[in-house]
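What follows draws every value from the coordinates through simple rules; no lab data is involved. These numbers come from a predicted model, not from an experiment. When we count neighbours, we look across all protein chains shown, and the Cβ atoms used for this are built from the backbone with ideal geometry, even at glycine.
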Amino acid sequence: MPTWSDGVFDGDGASDVLGTLRGEEAEQIEVAMEEAFEYVLEEERIAVYEVQEALALATVLAAKVDPDGADRRARREADYLDVMPTRDIRLLAAQAVRRILVPKGNDWYEYWGEQTPLDAIRLLAVRLDPGENA
């Protein structure tokens, strides 16, 4: 569970997934996003590493949807990933982010929930949801 801060990009899961996907084809990036978000939604107990992956990818996706609402780091990471945020992937990401905010069965929340600005993560879900932010 190596993590060096409470920022979305400050964990091994985030660093690994973003490093792996840089320069990949859009289709491969979208598949990786779907897998990360589906893991969070389908697993009974979600691990810290996988939550870090999902949050980083969701943050990058939100920066693609709304660059003006993203911080500089998110916009920079978004520039490295050539993927278009479809309605389906946005919805899946928003659902995964909302699941991350549920403490039950969530190792990340257990370890980092009190130290992380959860309001920013709630806002991330809103920014991603195509029904709330078309």
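Net length available on complete extension from TYR80 to GLU24 is 19.2 nm, with 0.36 nm assigned per residue and the Cα-Cα distance removed.
Helical runs assigned H by DSSP (4 residues or longer) give the chain a calculated mean residue ellipticity at 222 nm of -20000 deg cm²/dmol, each run adding -39500 (n - 2.57) before division by the residue total. Compute the separation of the alpha-carbon centres of the range 31-107 and the range 8-28 and state it in Å as a whole number. Here the answer is 11 Å between Cα centres. Loop sites by DSSP among the trypsin sites (Lys or Arg not before Pro) of the chain, restricted to those with at most 15 other Cβ atoms within 10 angstrom, leave 46-103 as the longest stretch without any of them.
Extension gain for ASP71 to GLU43 (0.36 nm times residue separation, less C-alpha to C-alpha distance): 7.1 nm. Dividing the convex hull volume of the alpha carbon atoms of the chain by its residue count gives 92 Å³ per residue.
Among residues other than ASP88 with Cβ under 10 Å from its Cβ, the summed charge is 0 (Lys and Arg +1, Asp and Glu -1). Evaluated with a Cβ-only charge set (Lys, Arg +1; Asp, Glu -1), the chain carries a dipole of roughly 500 debye about its Cα centre, given to the nearest 20.
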